[in-house]
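Since the structure comes first, as structure tokens, the remarks are kept for the end.
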Amino acid sequence: MISLIHAAVDRGVTFFDTAEIYGPYANEELVGEALAPYQGQVLIGTKFGWDIDQVERKPRGGVSSSPDVIKMVVDGSLQRLRVDAIDLYYQHRVDPDVPIEDVAGAIKDLIEAGKVKHFGLSEAAAGTIRAHTPSNL
């Protein structure tokens, strides 16, 4: 897989997407190892938001996007991806127990701390996005 990722970069691919849930953690480790020689030449996106047992490396079956959890799991992703900042960090699934404003506030803090460059949502309903988008956009 590392040689395949290298071949993709050599052919012009510049964006790679992964998630902590893939593996869990194994895909971030693979992407980090494969793209380490290309830092500054490619962009990496990864997703957060699943409840994963960090020791067993197994999903617990739900989502978890509280600000405290987000601020904790980002460090694992940074380490596995071998980067100082994640280019695109996005919520994999909307957590019905955490207001999206709280999630966005946690990511804002990570952006200000230099750990994340951009924030996104994956599989968010249009209504969720519309409800939190300024009307002048």
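The values are calculated or read from the model by the stated rules, or taken from the named source; none is laboratory data. Keep in mind that what you see is a predicted model, and the values were worked out from it rather than measured. All Cβ positions, glycine included, derive from the backbone under ideal geometry; neighbour counts span all protein chains shown. With ligands, DNA and RNA removed, areas are computed over all heavy atoms of the protein, side chains included. Shrake-Rupley method; radii C 1.70, N 1.55, O 1.52, S 1.80 Å.
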Per-region count, segment 57-71, residues open to solvent by 70 Å² or more (accessible area, probe 1.4 Å) and farther than 18 Å from GLU29 by Cβ: 4
Residue list for segment 116-137, restricted to those being open to solvent by less than 60 Å² (accessible area, probe 1.4 Å) and at pLDDT 95 or above: VAL116
Matching residues, segment 12-39, being over 24 Å from ASP102 (Cβ atoms), among the hydrophobic types (A, V, I, L, M, F, W, C) and open to solvent by less than 70 Å² (accessible area, probe 1.4 Å): VAL13, PHE16, ALA26, LEU30, VAL31, ALA34, LEU35, ALA36
Matching entry among VAL42, VAL83 (being open to solvent by less than 20 Å² (accessible area, probe 1.4 Å), more than 11 Å from the chain's Cα centre (by Cα) and under 18 Å from ILE2 (Cα atoms)): VAL42
